[in-house]
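Throughout, read-outs are computed from the coordinates displayed, never taken from laboratory work. Computed from a predicted structure; not experimentally measured. Please note: Cβ atoms are built from the backbone with ideal geometry, for glycine as well, and neighbour counts cover all protein chains shown.
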Amino acid sequence: MIWVPLLLVAFVVAGVGCTRICRASLAVARPHEASGGSGELTVGEAAYLAGGPLRVTDLTLVSLHRKRRLLLAHTGWATVVDATGHGGEGDALERAVFGAIGPAGQSSIPAVRPVVAAADAVRSLADGLVDRGLAVSEAGRREVAAALRAVRAGFLLSLALGTASALLVPAGERGPVLAGFALPLAGSGLCLLIGLTEVYPHTRWASPAGQRLLAGLSPADPLTALATRGPAVLEPELRAALLGGESGRRSRK
């Protein structure tokens, strides 16, 4: 019966992981006391809720390109045409883009994107959405990710301990061992599947309230479509530009 203590360990670890992912998903889904009300989404806010900081960066780059203030080449380079602001709520994001490109007026887009994504303007936008209960906080995202790691660890540990236990007993006595370890394996495996397909993708950036607002947006406007669906909606030249020219090089091969 040496396998019984191993089975208890598997149950405990799997149970801790499953409990943690359940608590994390419930915490994210819990109604938030919004300080400013939900209201309507700007296109930049929609971009953050749908794809995070990098989606906001792509939206700003494409918006500047369409305003002819920035040239996005299919080779993956951004060239400043007009860095003068014209007012409006998007100025902070636009200044972040021009600041990331630098005084030379030209930079590779793969170098610009992470700098803009980490800019104060994007962080301020995210904080405002969290305060309104529309976005998941950084702490919430970390907890969901950590809970998924715990569930995955429980599943792998149950599998390893079950295999070891089956090898420690005679072949004729493996039935009860396999049946016992099937429970923590099935439980942690099911929690892992639900976490990867339902919890993590849907709480990556937007809270349930934010998801509802996203679902009500019409993709008829090109920038709204980019914000909610990503660069896949863009013409091939702009997609290649945001990918740093990789798409264009593949298409020429």
*Order by neighbour count: 120, 58, fewest other Cβ atoms within 10 Å first, most last.*
120, 58
*Length gain on complete extension for the stretch residue 40 to residue 221, per 0.36 nm per residue less the alpha carbon to alpha carbon distance?*
63.6 nm
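Do the sum for the chain: with -39,500 (n - 2.57) for every DSSP H run of n ≥ 4, divided by all residues, what is the mean residue ellipticity at 222 nm, to the nearest 500 deg cm²/dmol? Could the numbers behind the result be given before it?
Numbers: 11 runs with 165 residues, N = 253.
For the chain, the value works out to -21500 deg cm²/dmol.
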*asked:* For 77, 3, which order do you get if you count the other beta carbons within 10 Å of each Cβ and list the fewest first?
replied: 77, 3
*Specify which residue in the list 182, 99, 145 is farthest towards the positive end of the charge dipole of the chain, using unit charges on the beta carbon of Lys, Arg (+1) and Asp, Glu (-1), about the Cα centre.*
182
*Points 7 angstrom from Cα along the Cβ direction at residue 29 and residue 183: gap in nanometres?*
2.5
*So for 28, 122, fewest C-beta neighbours within 10 Å to most, what's the order?*
28, 122
*Among all helices in the chain defined by DSSP H, which have a length of 20 Å or more along the axis from Cα atoms plus a Kyte-Doolittle mean of at least 0.0?*
3-29, 43-66, 138-168, 174-194
*For the range 98-161, what's the radius of gyration and Dmax over Cα atoms, in angstrom?*
18.8, 59
_Cα centroid separation - the range 57-117 against the range 127-142, whole Å_ = 26
_Positive-pole candidate from 22, 63, 195, dipole of the chain, charges at beta carbon_ = 195
*asked:* Give the list, by residue number, of cysteines in the chain with no other Cys Cβ closer than 4.7 Å, or say none.
replied: 22
_Cut-off 19 Å, label point 7 angstrom out along Cα-to-Cβ of residue 22: give me the residues of the range 159-201 whose amide nitrogen falls inside._
182-200
*Formal net charge of residues neighbouring residue 78 (Cβ-Cβ distance under 15 Å; K, R +1; D, E -1)*: +3
*asked:* Report, to one decimal in Å, the Kirkwood hydrodynamic radius for the range 125-196 based on all distinct Cα pairs.
replied: 14.5
*asked:* Need one number: the % of Cα-Cα pairs in the chain sitting beyond the 23 Å mark.
replied: 61
*Can you give me the three principal axis dimensions of the range 75-200 from its C-alpha atoms, in Å, biggest first?*
80, 37, 17
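What FRET efficiency would be calculated for the residue pair residue 145, residue 233, taking the C-beta separation as r and a Förster radius of 35 Å, to the nearest 0.05? Please report the intermediate quantities before stating the final value.
Working: r = 28 Å, r/R0 = 0.80.
The computed FRET efficiency comes out at 0.80.
Work out the length of the dipole vector of the chain about its Cα centre, built from +1 on the beta-carbon of each Lys and Arg and -1 on the beta-carbon of each Asp and Glu, and round it to the nearest 20 debye.
Numbers: 25 positive and 19 negative charges, 139 e Å.
Charge dipole of the chain: 660 debye, to the nearest 20.
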*FRET efficiency, 1/(1 + (r/R0)^6) with R0 30 Å, evaluated for residue 193 and residue 169 via beta carbons*: 0.55
*Over what distance in Å are the Cα centres of the range 147-173 and the range 205-229 separated?*
42
